[in-house]
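Step one of this worksheet: look at the structure below.
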Amino acid sequence: MTINLSTQVILVTGASRGIGKSLVKQLAGAGATVAIHFNEAQKAAETLAEQVGNGSQSFQADLSDLEACSRLFENVLDTFGRIDGLVNNAGIALPAPLGAPDEEWEQVWNTTMFVNLRAAELLSRLAIRHFQQKGGGRLVHIASRAAFRGDTPDYMAYAASKAGLVALSRSIARGFGKDCITSYVVAPGFTRTDMAQAFIDTYGEAYAVQDTALGQIPFPSDIAPTVAFLLSGLADHATGATIDINSGSYVH
Ligand SMILES: NC(=O)c1ccc[n+]([C@@H]2O[C@H](COP(=O)([O-])OP(=O)(O)OC[C@H]3O[C@@H](n4cnc5c(N)ncnc54)[C@H](OP(=O)(O)O)[C@@H]3O)[C@@H](O)[C@H]2O)c1
């Protein structure tokens, strides 16, 4: 079986670091031209675009700003003339303790919902409309096991945003399959990135490992091949599916 993405332009959000960066390498390695979205890490995104080649380019947008999301999609479309796949990967995990001041609670919930869910919803809408015009396309949403098992009380906003992403993906899969549009969720558990490191620094590595069946925390490169497979067309009849990649730490 060969995964060949050489005819595809794929937009990956949050692609400057962590899981997104690994996705870019995997997708470009299979031949895709990748639109490498970043927010602050401009140099990292530019260097990555040069490294992976295939005409891949970097694009800036703060996804907490819906207008910036629309501009991002239009910029990518203007640059490449089409988009064949969208990976909603960018995400943030901010704590909002129950006892936090109201203003802080409100801000964390709003920012989390904008970056993790609203940006994905808006980019998906623009992608679906574009895919309808060009005869199809694929979406992959990077959620979390937290969408299914919940998270610690401080991270309820994170878990809720990821559950929204799951419902969004399933609705897209059910609603737009006849337009040759497919949609999937990949739901990681702890993965070795800056996001997980902040947690590990606080609670210790043993805490993160203890739940896993495999006794180890995966690397971003353990997530990326599944996403390439889903975008390849080899899994179109799995549309609507969620693939768990959490080292057996949550099985449902
Ligand atoms: N790591 C884990 O343990 C884990 C577990 C389950 C699910 N996930 C999910 O996997 C995805 C990737 O996570 P990760 O661990 O790779 O995260 P990460 O290392 O913290 O990287 C986050 C990425 O999102 C971008 N980003 C953050 N805030 C943004 C904003 N306001 N606007 C636009 N982009 C923004 C960052 O861009 P810049 O650096 O350019 O600012 C960066 O590229 C997330 O959706 C996360 O929820 C991760």
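The values are calculated or read from the model by the stated rules, or taken from the named source; none is laboratory data. These numbers come from a predicted model, not from an experiment. Positions of Cβ are generated from backbone atoms using ideal geometry, with glycine treated the same way; all protein chains shown enter the neighbour counts.
Scanning segment 196-229 for residues that are among the aliphatic types (A, V, I, L, M), more than 12 Å from the ligand (Cβ to nearest atom) and under 18 Å from Asp151 (Cβ atoms) gives a single hit, Val209. If you go through segment 1-24 one residue at a time, do you hit one that is exposed (fewer than 15 other Cβ atoms within 10 Å of the Cβ) and not polar (S, T, N, Q)? There is at least one residue in segment 1-24 that is exposed (fewer than 15 other Cβ atoms within 10 Å of the Cβ) and not polar (S, T, N, Q).
The residue pairs whose first member lies in segment 230-252 and is more than 16 Å from Phe176 (Cα to Cα) and within 16 Å of the ligand (Cβ to nearest atom), whose second member is in a helix (DSSP H, G or I) and among the aromatic types (Phe, Trp, Tyr), and whose beta carbons are closer than 8 Å, counting only pairs six or more residues apart or on different chains, are Tyr250/Phe148; His252/Phe148.
Only residues that are within 10 Å of the ligand (Cβ to nearest atom) and either surrounded by fewer than 21 Cβ atoms within 10 Å (Cβ to Cβ) or of a type in the set (Phe, Trp, Tyr) (or both) were counted in segment 160-195, giving 5. Identify, please: which residue in segment 29-56 is away from the ligand (no atom under 16 Å from the Cβ), crowded, with 18+ Cβ neighbours inside 10 Å and among the small types (Gly, Ala, Ser) and is, among those, farthest from the chain's Cα centre (by Cα)? That would be Ala30. The residues of segment 1-42 that are β-branched (Val, Ile, Thr) and in contact with a Gly (Cβ under 6 Å, 6 or more places away or on another chain), listed by number, are Ile10, Val12, Thr33. All conditions but one from (1) without any contact (Cβ under 8 Å) to a residue 12 or more places away in the chain; (2) within 10 Å of the ligand (Cβ to nearest atom) apply to Ala147; the one that does not is (1).
The conditions of being surrounded by 14 or more Cβ atoms within 10 Å (Cβ to Cβ), out of contact with any Asp or Glu (no Cβ under 6 Å at 6 or more places or on another chain) and under 25 Å from Leu94 (Cβ atoms) are not met by Thr202. Among the residues of segment 207-231, count how many are closer than 22 Å to Leu94 by Cα and either touching a Cys at 6+ places or on another chain (Cβ under 7 Å) or part of a helix (DSSP H, G or I) (or both). The qualifying residues number 4. The single condition from (1) in contact (Cβ under 8 Å) with a residue 24 or more places away in the chain; (2) within 18 Å of Gly85 (Cβ to Cβ) that Pro153 fails is (2). Selection of segment 64-94 for residues being under 21 Å from the mean Cα position of the chain (by Cα), outside any helix (DSSP H, G or I) and away from the ligand (no atom under 14 Å from the Cβ) yields Arg82, Ile83, Asp84, Gly85. The residues in segment 97-143 that are basic (Lys, Arg) and over 20 Å from the mean Cα position of the chain (by Cα) can be counted, and the count is 1.
Within segment 159-190, the set of residues being in contact with a helix residue (DSSP H, G or I) (Cβ under 6 Å, 6 or more places away or on another chain) and among the hydroxyl-bearing types (Ser, Thr, Tyr) comprises Ser161, Thr182, Ser183, Tyr184.
Does segment 18-39 contain any residue that is at pLDDT 95 or above, under 24 Å from Leu94 (Cβ atoms) and among the basic types (Lys, Arg)? Within segment 18-39 (the criterion being at pLDDT 95 or above, under 24 Å from Leu94 (Cβ atoms) and among the basic types (Lys, Arg)), the answer is yes, since at least one residue qualifies.
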